[in-house]
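Peer 1: Take a look at the following structure, please.
The values are calculated or read from the model by the stated rules, or taken from the named source; none is laboratory data. Quick caveat: nothing in here was measured; it's all calculated off a predicted structure. Quick reminder, even Gly has a Cβ in these numbers, built from the backbone with ideal geometry, and neighbours come from all protein chains shown.
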Amino acid sequence: MDIHEYQAKEILAEFGVPVPRGGLAYSPEQAEFRARELGGQAWVVKAQIHSGGRGQAGGVRVCRGAHEVRDFAAGLFGRQLVTRQTGAAGKAVYRVWVEEASDIRRELYLGFVLDRKSERIMIVASAHGGMEIEELAEKDPASLRRMTIDPATGLIDFQARELAFSLGLSGGQIAQMVATLRACYRAFRDLDATMVEINPLVVTGTGDLVALDAKMSFDTNALFRQPRIAELRDRSQEDARESAAADHGLAYVGLDGDIGCIINGAGLAMATMDMIKLAGGEPANFLDIGGGASPERVVRAFRTVLADANVRVILVNIFAGINRCDWVAEGVVQAYREVGMTIPVVVRLAGTNVEEGRRILQASGLPLVTADTLADAADKAVAARLKSAA
Ligand code: ADP
Ligand code: MG
């Protein structure tokens, strides 16, 4: 789960990361009020959406005068801001953050991620911040520093100092960097985060470190024990289809194709999407119905997939281990009747109770297309799609 920049800054500040003073606004008038409240001559007005790349997309601007703050904010509210990360639909701006402008001398990159290979939290840093990490990795890979943290010891000061020196920091900045790194690490660990990113972390005119941007993501499976974080969820920033599916315990990701997929297991779902592409089709979604899928759950999965108007054919691919083919088959039959299916449905079942599953499909008398292998299923789905499009 992602949160907004201003929320991440508030959290990180509590752990000891230096951030600029700022205030949140829900209207242009409030933005102006925030600027006057903060005082000073220049402010940065920042659209709060769950995305990076806002600066380049016109979502961040330095304003000189409270009226300019209000006018720029007025242009942001209610807009769908399209960044390189949002996709063409963009994300709606309902909140704006107004903060004091910093005098930037250097921009650094600092990220904490979960490194699945080493099973540790990894720090990624670069002396050249401001750019997105993907861009950095492409244009200046040599500048990237990586360091993993042993969970038994936590982040050791020696490691933190070494990193600070390698980024070209000196004097009092070293102690500030060590404190910032420790704070980020503790926040990451204590709050079940999966990502903490400060980009840019800047050196100001007075030689101090300040986090000008902050991003945090959290492990959704741990939200039950992080009530404060769970409360920060902002549905306006989520894909409506995906969050509705998540509410029903389905892992769904909407895509641009027209072959709807209902599959159990993330690995099989990925493989099926690959096979569809190989057969010349385009998947409309990723959907993992999970283990122990009851007929009701399968029906819900059908409804979720069919909510996408682009879907021309549905491919059900189940390799039942924990799941039972007979339950899934019952779900398919039930869904077919309940939703009044008008498009072709291709079903491939394998594993636990497969004979009973096939028998249920056959006995239903419904015009289902059955397939034996994954490749067969993908071919039949693409063929059925072509026919239904014709
Ligand atoms: P994004 O990463 O979404 O583009 P940032 O918060 O990183 O948004 O802002 C983009 C750029 O705007 C930063 O790289 C920085 O150069 C500038 N900026 C952001 N906040 C401030 C600030 N408080 N003072 C001065 N410049 C800022
Ligand atoms: Mg940024």
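Peer 1: Could you tell me whether any residue of segment 303-310 is closer than 22 Å to Leu268 by Cα, touching a residue at least 40 places away in the same chain (Cβ under 8 Å) and assigned to a loop (DSSP other than H, G, I, E, B)?
Peer 2: Step one: of segment 303-310, the residues closer than 22 Å to Leu268 by Cα are 303-306, 308.
Subset that is touching a residue at least 40 places away in the same chain (Cβ under 8 Å): 304-306, 308.
Keeping just the survivors that are assigned to a loop (DSSP other than H, G, I, E, B) gives 308.
Checking segment 303-310: at least one residue is closer than 22 Å to Leu268 by Cα, touching a residue at least 40 places away in the same chain (Cβ under 8 Å) and assigned to a loop (DSSP other than H, G, I, E, B).
Peer 1: Can you pull out the residues in segment 163-173 that are surrounded by fewer than 17 Cβ atoms within 10 Å (Cβ to Cβ) and assigned to a helix (DSSP H, G or I)? It would help to see each step written out before you state the result.
Peer 2: Of the residues in segment 163-173, the ones surrounded by fewer than 17 Cβ atoms within 10 Å (Cβ to Cβ) are 165-166, 168, 170-172.
Within segment 163-173, Phe165, Ser166, Gly172 qualify.
Peer 1: Mind counting the residues in segment 174-197 that are farther than 20 Å from Ser126 by Cβ and assigned to a helix (DSSP H, G or I)?
Peer 2: 5
Peer 1: Also: Of the residues Lys91, Lys9, which is under 20 Å from the mean Cα position of the chain (by Cα), within 16 Å of ligand 2 (Cβ to nearest atom), charged (D, E, K, R) and assigned by TED's automatic domain parsing to the domain that holds Gln226?
Peer 2: Details: Lys91 fails: assigned by TED's automatic domain parsing to the domain that holds Gln226.
Just one listed residue meets the conditions, Lys9.
Peer 1: Given the conditions (1) assigned by TED's automatic domain parsing to the domain that holds Arg182; (2) more than 16 Å from ligand 2 (Cβ to nearest atom); (3) in contact with a strand residue (DSSP E or B) (Cβ under 9 Å, 6 or more places away or on another chain), report the number of the one that Val210 does not fulfil.
Peer 2: (2)
Peer 1: Then there is this: Any chance you could count how many residues in segment 263-284 are out of contact with any Phe, Trp or Tyr (no Cβ under 6 Å at 6 or more places or on another chain) and in contact (Cβ under 8 Å) with a residue 24 or more places away in the chain? Quick ask: steps written out before the conclusion?
Peer 2: Let us first name the residues in segment 263-284 that are out of contact with any Phe, Trp or Tyr (no Cβ under 6 Å at 6 or more places or on another chain), namely 263-267, 270-284.
Cutting the leftovers down to in contact (Cβ under 8 Å) with a residue 24 or more places away in the chain gives us 263-265, 271-272, 275-276, 278-284.
Matching residues across segment 263-284 total 14.
Peer 1: For segment 115-138, give me the residue count where each residue is closer than 28 Å to Ala57 by Cβ and either within 16 Å of ligand 2 (Cβ to nearest atom) or not in a helix (DSSP H, G or I) (or both). Outline the logic, then answer.
Peer 2: Step one: of segment 115-138, the residues closer than 28 Å to Ala57 by Cβ are 123-138.
In the following step, the residues that additionally are either within 16 Å of ligand 2 (Cβ to nearest atom) or not in a helix (DSSP H, G or I) (or both) were identified as 123-137.
Total satisfying the criteria: 15.
Peer 1: Kindly evaluate Asp258 against the criterion of being under 24 Å from Thr352 (Cα atoms) and either in contact with a Phe, Trp or Tyr (Cβ under 6 Å, 6 or more places away or on another chain) or of a type outside the set (A, V, I, L, M, F, W, C) (or both).
Peer 2: Taking the combined requirement at face value, the residue does not satisfy it.
Every residue, every condition in (1) exposed (fewer than 15 other Cβ atoms within 10 Å of the Cβ); (2) under 15 Å from the mean Cα position of the chain (by Cα); (3) farther than 30 Å from Gly129 by Cβ, yes or no:
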residue: Val196; (1), (2), (3): no, yes, no
residue: Met216; (1), (2), (3): no, yes, no
residue: Ile229; (1), (2), (3): no, no, no
residue: Ala240; (1), (2), (3): yes, yes, yes
residue: Asp256; (1), (2), (3): yes, no, yes
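Peer 1: Ok, one more. Look at segment 12-44 and say how many of its residues are buried (at least 22 other Cβ atoms within 10 Å of the Cβ) and farther than 20 Å from Gly59 by Cα.
Peer 2: Result for segment 12-44: 2.
Peer 1: Against the definition (modelled with pLDDT of 95 or more, out of contact with any Ser or Thr (no Cβ under 9 Å at 6 or more places or on another chain) and more than 16 Å from ligand 2 (Cβ to nearest atom)), how does Glu68 come out, yes or no? Write out each step before concluding.
Peer 2: Details: modelled with pLDDT of 95 or more: yes; out of contact with any Ser or Thr (no Cβ under 9 Å at 6 or more places or on another chain): yes; more than 16 Å from ligand 2 (Cβ to nearest atom): yes.
Yes, satisfied.
Peer 1: Now for a different question. So Gln56 ticks every box in (1) farther than 28 Å from Asp219 by Cα; (2) within 16 Å of ligand 2 (Cβ to nearest atom); (3) part of a strand (DSSP E or B) but one. Which box is left unticked?
Peer 2: Status for Gln56: all satisfied but (3).
Peer 1: Now for a separate question. Would you call Glu242 charged (D, E, K, R) and free of Cβ contacts under 8 Å to residues at least 24 places away in the same chain? I'd like the intermediate steps shown before the answer.
Peer 2: Working: charged (D, E, K, R): yes; free of Cβ contacts under 8 Å to residues at least 24 places away in the same chain: yes.
It is true that Glu242 is charged (D, E, K, R) and free of Cβ contacts under 8 Å to residues at least 24 places away in the same chain.
Peer 1: Next question, about the same structure. So which residues in segment 78-105 are charged (D, E, K, R), surrounded by 15 or more Cβ atoms within 10 Å (Cβ to Cβ) and either in contact with a Ser or Thr (Cβ under 9 Å, 6 or more places away or on another chain) or in a loop (DSSP other than H, G, I, E, B) (or both)? Outline the logic, then answer.
Peer 2: Going through segment 78-105, the residues charged (D, E, K, R) turn out to be 79, 84, 91, 95, 99-100, 103, 105.
Imposing the further condition that a residue be surrounded by 15 or more Cβ atoms within 10 Å (Cβ to Cβ) reduces the set to 79, 91, 95, 99-100.
Those that are charged (D, E, K, R), surrounded by 15 or more Cβ atoms within 10 Å (Cβ to Cβ) and either in contact with a Ser or Thr (Cβ under 9 Å, 6 or more places away or on another chain) or in a loop (DSSP other than H, G, I, E, B) (or both): Arg79, Lys91, Arg95.
Peer 1: Which of the numbered conditions does Ala42 fail, given that it passes all the others? Conditions: (1) out of contact with any Leu (no Cβ under 6 Å at 6 or more places or on another chain); (2) more than 10 Å from ligand 1 (Cβ to nearest atom).
Peer 2: (2)
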